[in-house]
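Structure first, commentary second.
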Amino acid sequence: MTAALLGAVLVVAGPFAVPAAQAQQEGKTLRVALVQEIDHLNPFTAGFASSSMIGRMNYEFLTLPSAEDATPTGGVSDKWSTSEDKLTWTFHIRDGMKWSDGKPVTAKDAAYTFKRIMTDKKAQEANGNYVEGFVDVTAPDDSTLIIKTKAPRASMTALDVPIVPEHIWSGVSDMADPKTDTPAVVGVGDGPFLITEYRPNEVVKLKANPDYWRGKPKFDELQFVAYKNSEAAVSALKNGEVDFVNRLTPTQFDALQGQSNIATNKASGRRYLDLLMNPGAQDAARQPIGDGNPALKDVRLRKAIATAINPKELVDKVLGGYGEVAGGLIPSMYSAYHYQPDSAKAYKFDIADANRQLDAAGYQRGADGTRTSPDGKPLNFRLTARSSEDFPQRTSEYLVGWLKQVGINLEKRLVSDAEVDEQTSSGNYDLALSSYNTNPDPDYTLAKQSCGNLPSTPGSGSTASFFCDPQFDQAYQAEAAETDQAKRSEYTRQAQARYYDQAPSFVLAYQNVLEAYRSDKFTNFVKQPVTSGPIMEQTGYWGFYGATPVGSSGGSGGGSTGLWIGIGVVVLVVLVGGGTFLAKRGKSVDDRE
């Protein structure tokens, strides 16, 4: 790196960077670089992966995926059962848990959390799908939570909903109130870390929770420090200003391997990268919203675009081989639910074939080579993408070139994370490069594409694909209610096959997770799954909760004991046999980015 470039990087890091000397002195603070913005700390509205990750540190869940293999393990609830007809679930609330202000965690907190989502539209933004089909939620006593559903729900041990303290949140009348993103509200938690300070676009600070039920973490403070891009974050890692970075580019990852005091981690990713193709955004009342180009309502056009794209070249050249060509919405790491189209159904990169498809559909070329829709309007599309990351920046160049060859012009619009989210969730886009963190349980990922998830108000963040298709919904609903593993897997694949065929978005790749950390300062980061998974942005808090300062004796807290419980060494007791099968499943959460 040249001196000039290094200087530029340090300027980008700006006032958020922590001097190396200071970092050395504060050895029990783990500093993590964030290259994605935070949309909210309010757990009811947080949608970005970064925001959800921080929420997982601050609030415990009813159950959560284990570190070992993402099967459910206990959180606020330590045991659960279901009725014979699978319409009533009873969760026992763990004894002795308390909020950081000293008040006890009870079943009434859990009941309040779910009922608030059921009855408050604004509270449904992040986790509304999880209460779909709930009839009632009650807490007959402090230790018992009962949830009744209209139909059997396969994902009842995969409710990725942070349980919040009723005595704090019952005083919040408007979920859109900015105060819900402040420590005054989110600072009362029961997770392994507690939010103490938030300066937007600078830093989020959390302290170790001394009363965390699994045991206090082995370091004192966890900080998430904002950087404009991964280049600035890598520079900070080398300088010792931060201890952990993720979302590395292939070049950065390769360059960091073998460097002294730095360790790297490559893992299969739960994140898919896709190209959204606005199929005609509409709201829950089926009224058009946004300003998407109406030509993209034509599935023949969307299929031709998919045919004109070469995902393998993107994996090889943009991801540097650190990824795989995608199939359906569920990545291959969740093999039980993954869909990969066979050769007859897969889109095959073929510019000539894409041109033939467009000719047959009536999109004729004009004198300048640009095709026009049957109503005579040129196919000029906006391509919205995130400016903060390498993949959308470079992929947008490939897309412009490929689609130019089939007579479609793209205007690149590289904007901030927040702008991408705002424009896509309100339907104000034509094409957009997006990404999404999936989870072990497929339910939530599929629900995001169903008609039931069309937004009640534009920009609510409930969906970006705006897909609404009866055939997809039929398969999704069957999946959601099916408790037989094999049948559920088949329904999940049917839904993904329909999505793939209709192409409201084209899933381009499953990206490997590329991370690095200061091995001279911290060790014992726990992966999920433990053998080969990522450390950061897990569906849990294991990665940072398990971290230990180098040279530490391991601390006196009970972290290791609680950690191993979560990893799965201790087998949970399920009260009624009917729940055993479901307890073997993973969970799901929306981590839209």
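The values are calculated or read from the model by the stated rules, or taken from the named source; none is laboratory data. From a predicted model like this one, the values you see are computed outputs, not experimental measurements. Quick reminder, even Gly has a Cβ in these numbers, built from the backbone with ideal geometry, and neighbours come from all protein chains shown. Remember, those area values only see protein heavy atoms, side chains included, never the ligands or the DNA or RNA. Shrake-Rupley method; radii C 1.70, N 1.55, O 1.52, S 1.80 Å.
Return the long-range amide H neighbours of ALA509 (sequence gap of 5 or more, or a different chain), with a cut-off of under 5 Å between placed amide H atoms.
LEU273, ALA326
Can you tell me, using C-alpha contacts under 8 Å and at least 6 residues apart, the relative contact order of region 135-187 as a whole percent? Mind showing how you got there, number by number?
Working: 22 pairs, mean separation 10.2, N = 53.
Computed value for region 135-187: 19 percent relative contact order.
How much of the DSSP bridge set in the chain is antiparallel, in percent, rounded to the nearest 5?
Details: 62 of 79 bridges.
Expressed as a percentage, antiparallel bridges in the chain total about 80.
222 nm [θ] for the chain, helices only, -39500 (n - 2.57) per DSSP H run of 4+, per residue, to 500?
-7500 deg cm²/dmol
Whenever you get a sec, compute what percent of the accessible area on region 475-550 sits on carbon and sulfur atoms (1.4 Å probe).
Carbon and sulfur together cover 44 percent of it.
What order, most packed first, do the peptides 514-527, 309-322, 166-179, 340-353 have when packing is the mean number of other Cβ atoms within 10 Å of each residue?
Working: 514-527: 21.3, 309-322: 17.7, 166-179: 13.9, 340-353: 12.2.
Ranked by mean Cβ neighbours within 10 Å, highest first: 514-527, 309-322, 166-179, 340-353.
Per-residue HN-Hα couplings for region 532-546, Karplus 6.51 cos²θ - 1.76 cosθ + 1.60 at θ = phi - 60°, whole Hz, x for Gly and Pro?
After applying 6.51 cos²θ - 1.76 cosθ + 1.60, I find 7, x, x, 9, 9, 6, 7, 8, x, 10, 4, x, 8, 4, x Hz.
Over region 198-303, what percent of the accessible surface lies on carbon and sulfur atoms, probe 1.4 Å? Working shown, then result.
Working: 1650 of 3960 Å².
Using a 1.4 Å probe with all protein chains present, region 198-303 comes out at 42 percent carbon and sulfur.
In whole percent, what relative contact order does region 230-376 give with Cα contacts below 8 Å and a gap of six or more residues? Numbers along the way, then the final one.
Numbers: 138 pairs, mean separation 26.0, N = 147.
18 percent.
Short version: ³J(HN,Hα) in whole Hz for each residue of region 217-232, in order, from phi by Karplus 6.51 cos²θ - 1.76 cosθ + 1.60 (θ = phi - 60°), x for Gly and Pro, what are they?
Running phi through 6.51 cos²θ - 1.76 cosθ + 1.60 with θ = phi - 60° gives x, 8, 9, 8, 9, 10, 10, 10, 9, 7, 10, 6, 7, 5, 4, 5 Hz.
Return the long-range amide H neighbours of ARG94 (sequence gap of 5 or more, or a different chain), with a cut-off of under 5 Å between placed amide H atoms.
Result for ARG94 returns SER77, ASP78.
Averaged per residue, what accessible area in Å² does the chain show with a 1.4 Å probe, protein chains only? Each step should come with its number before you reach the end.
On the way: 21360 Å² over 593 residues.
Roughly 36 Å² per residue, with all protein chains present.
Which whole-Hz couplings ³J(HN,Hα) result when phi for each residue of region 143-151 is put into the Karplus expression 6.51 cos²θ - 1.76 cosθ + 1.60, θ = phi - 60°, listed in order with x for Gly and Pro?
In residue order, the calculated couplings are 10, 10, 10, 10, 10, 10, 10, 5, 9 Hz.
What number, in percent, do you get for the relative contact order of the chain if the mean sequence gap of Cα pairs under 8 Å and at least 6 apart is divided by its residue count? Mind showing how you got there, number by number?
On the way: 1378 pairs, mean separation 138.1, N = 593.
Relative contact order for the chain comes out at 23 percent.
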